[in-house]
Every structure is written in structure tokens, then in C-alpha cells.
Amino acid sequence: MSLTLPRRGLAALALAMPGVARAQLLPRPARLIIGYAAGTAMDTVARLYAREWQGEYAAGVVVENRTGANGRLAVEAVKTAAPDGATILMTPESALTIFPAVYGANLRYDPLVDLLPVGATSGFAYSFAVGANHPARTFAEFVAWGRTQQDITYGSPAAGSGLHFLTVLMARRFGMNMTHVPYRETAQMLSDLEALRLGAAMQVGGNVTQLHQAGRLRVLAVSSEDRVPSLPDVPSFAELGYPEMTALALYGLALPAGTPQPMADKLAQLTLAAAAKPDLREVLARLDQAPVTSFPTPAAFAARIRQEQERWAPIVRESGFRAES
């Protein structure tokens, strides 16, 4: 799956979207709610797009950090907001696609019933890494080594996330016994990985790129279709012949269900238009991210959510994982 379309096609797509011309500028500030703290990558992306929407979608756009419950509190806050277009959700796509299977009846929202999907801002690949002194120097060597081990520990900073279940898929695909070790702090996980106290880790690309370049960790593969620019020496799983391991983490946008469709269309159009701006692309590249234009309409993004729910539900179910809360 490609993250972006050619820039020359972005304007034409944006202008062709229905309802854009009919949506009026909100006369008051809108809230952009995210479930992560100030200073995080998502916070940076949220503020970047808030500036792009200001004066075009609403008179102002204020980022509100509603942390807690692995991002679910932010989704719940948008679910209960007035459907007037003044409250926007930005969330990791996993909250819309994987969480329904992870939390089941305990999840207090239905992504396709309680929300109006809009689109995605940016996305990034996952990196599968081991310590620099690990005996495996390639992914093939890791699989050969892993099949001889009674058990391999692997870490992620987010139990129940795409990072977690992509490794579950890997273990099943290659016949390895792997045990998930959840971490509260990414820094501690990376320290354990470097010291070989942890066998492997599936991680957000930007968190391990510099450590790989410094020779402290070794990234064996990335989950995008192609190699990522910051890791030109690392193959993708697809390049190695395993396209089923392709997975991209997206930052999704949604409005409360019942919001007028022209408002969703306009927000999608403005987000798509921003993707063509070099300064925005430059900031995202520093985060090892890229704009997402593969789902240019709200309907396309809703279809993506359904497809990903269908993909991950059996993997979650077969893993036996149950979220504590």
C-alpha cells in the first residue's frame, strides 16, 4: 500500500470531493482531541495539521490532549461531543481497527457507528529489531535462530496494538514460540533490547532508526511495502517475500456520528491538500512519517477501517490475548 499519491493529483482529487464547496467555515474554534501527551509524535502531527486547517475549516483549531486508557478516553470524548463539526478526533488507527477485537464488549464505542470517519493525516512503518550483538544479522538468520529456541521474548510499548499483533502474526507465520513482554516505557524496552535481556522488538520506526544507525540496535526488516528512506540498508518484509507482513500505522481522523457530511468532506479535502506542501512533508519526514493520501475520501477511509477490522480480528482471537481494562 502506498502512503501517498503523486502531488500533481492531489489538487484534482481535493476539488472533486463532494460537499466541499457547501461546507461553511466554522465561526468558532474547533477542538482537535488526541489521546497522547504534549511533546509526543502525535502531538507534533496534530499541531501541524491544526495550523493547516485554521482559517479554512474553522476560525481556529485548538489541540486538546485527553490522555488515558491507551487513547480510548479521547475517542470517547469525541463520541459524546455535539455533532456540529467543532470536535475532531485524531487517533492511532488501531483504536478504530484492532481495539474492537481486543476489548470486545468492554469497548465503549463502535468506530463505524459512533464516529464519522474522515481520513488519515500521516503514517509510518514498523521496524523489527534486535540487539546489535544478537547472533542474527538478517531476518532469515533470525527465523533460523528462532526456530531453535524454546521461547523468544519480544517487547512492545503498547499491549493490544499493531506492534503487538504484527509480531503475533510473525510468530505464527514462521513457526516460532514468542512471548510478549509489555513495557510502560519505550526507553526501558530499548535498553533491554540493546543488552539482549529481550529477544526482539517490533517498534515504531522513528524510535529505533538512530540506534540502528549508531550500531546499538539492528533493524532486520520494516513493515512498509518498500524500504524507508531513513533505513536504506534494511529490506521490507514484502521485499523478502512476505507481503502478508506489510502493515502501516496511520493517524486517523473522525468526527462525532451525525456530523453533516459536507463538513467531513471539507476536512478530508483540506487534509489531502496539505499533503502536497513541502514544509509539512519535511516535518513529517523528521518523524519518519509521510502524508497519507491513499484514502482521499471519508468513504474510502471507512472502507479501510472495515478491511483492517476483518484482518486483525482473527489474529487477536487466535492469540488468546485479553485486555485487562
Inset, instruction - Could you work out the longest stretch of the chain that avoids the trypsin sites (Lys or Arg not before Pro) located in DSSP loops with at most 14 other Cβ atoms within 10 Å? - result: 198-321
Inset, instruction - Would you mind pulling out the separation of the Cα centroids of the range 140-182 and the range 30-46, in Å? - result: 30
Inset, instruction - Report, by chain and number, residues whose modeled amide H sits under 5 Å from the one on LEU248, excluding near sequence neighbours (fewer than 5 apart, same chain). - result: none
Legend entry - DSSP bridge orientation in the chain - percent antiparallel, rounded to nearest 5: 55
Inset, instruction - Would you kindly derive the ³J(HN,Hα) couplings of the range 252-261 from the backbone phi angles with the Karplus curve 6.51 cos²θ - 1.76 cosθ + 1.60 (θ = phi - 60°), listing them in order in whole Hz, with x for Gly and Pro? - result: x, 10, 8, 10, x, 4, x, 5, x, 4
Inset, instruction - Check each of the GluC sites (Glu not before Pro) in the range 291-325 and keep only those in coil by DSSP with at most 14 other C-beta atoms within 10 angstrom; list them in order. - result: GLU324
Legend entry - For THR87, distant residues with modelled amide H under 5 Å away: ARG31
Legend entry - Sparse-neighbourhood loop sites, GluC sites (Glu not before Pro) in the range 172-266 - DSSP loop, at most 13 other Cβ within 10 angstrom: GLU185
Inset, instruction - Between the alpha-carbon centers of the range 297-325 and the range 79-132, tell me the distance in whole angstrom. - result: 10
Legend entry - Estimated vicinal HN-Hα couplings, Hz - the range 24-36 in sequence order (Karplus 6.51, -1.76, 1.60; Gly, Pro = x): 8, 5, 5, x, 10, x, 9, 9, 10, 9, 10, x, 10
Inset, instruction - Could you pull the Rg and Dmax for the chain, using just the Cα atoms, both in Å? - result: 19.7, 64
Inset, instruction - Starting from the amide H of LEU26, placed 1.01 Å from N in the peptide plane, find each other amide H under 5 Å away whose residue is 5 or more places distant or on another chain. - result: ALA58, ALA59
Legend entry - Electrostatic dipole magnitude of the chain [Cβ: Lys, Arg +1; Asp, Glu -1; Cα centre; debye, to 20]: 220
Inset, instruction - Could you work out how far helix 298-319 tilts from the main Cα principal axis of the chain, as a 0 to 90 degree angle to the nearest 10? - result: 30
Inset, instruction - Let me have the 222 nm mean residue ellipticity of the chain computed from DSSP H runs of 4+ only, each contributing -39500 (n - 2.57), with the sum over all residues rounded to the nearest 500. - result: -11500 deg cm²/dmol
Legend entry - Rounded to whole Hz, the Karplus (6.51, -1.76, 1.60) HN-Hα couplings of the range 174-188, x for glycine and proline: 10, x, 10, 8, 10, 10, 7, 10, x, 10, 7, 10, 4, 4, 5
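Quick note: the coordinates plus some simple rules give every number you see, no bench work behind them. This is a predicted model, so every value here is computed, not measured. In this analysis, Cβ positions are derived from the backbone assuming ideal geometry, glycine residues included, and neighbour counts consider all displayed protein chains.
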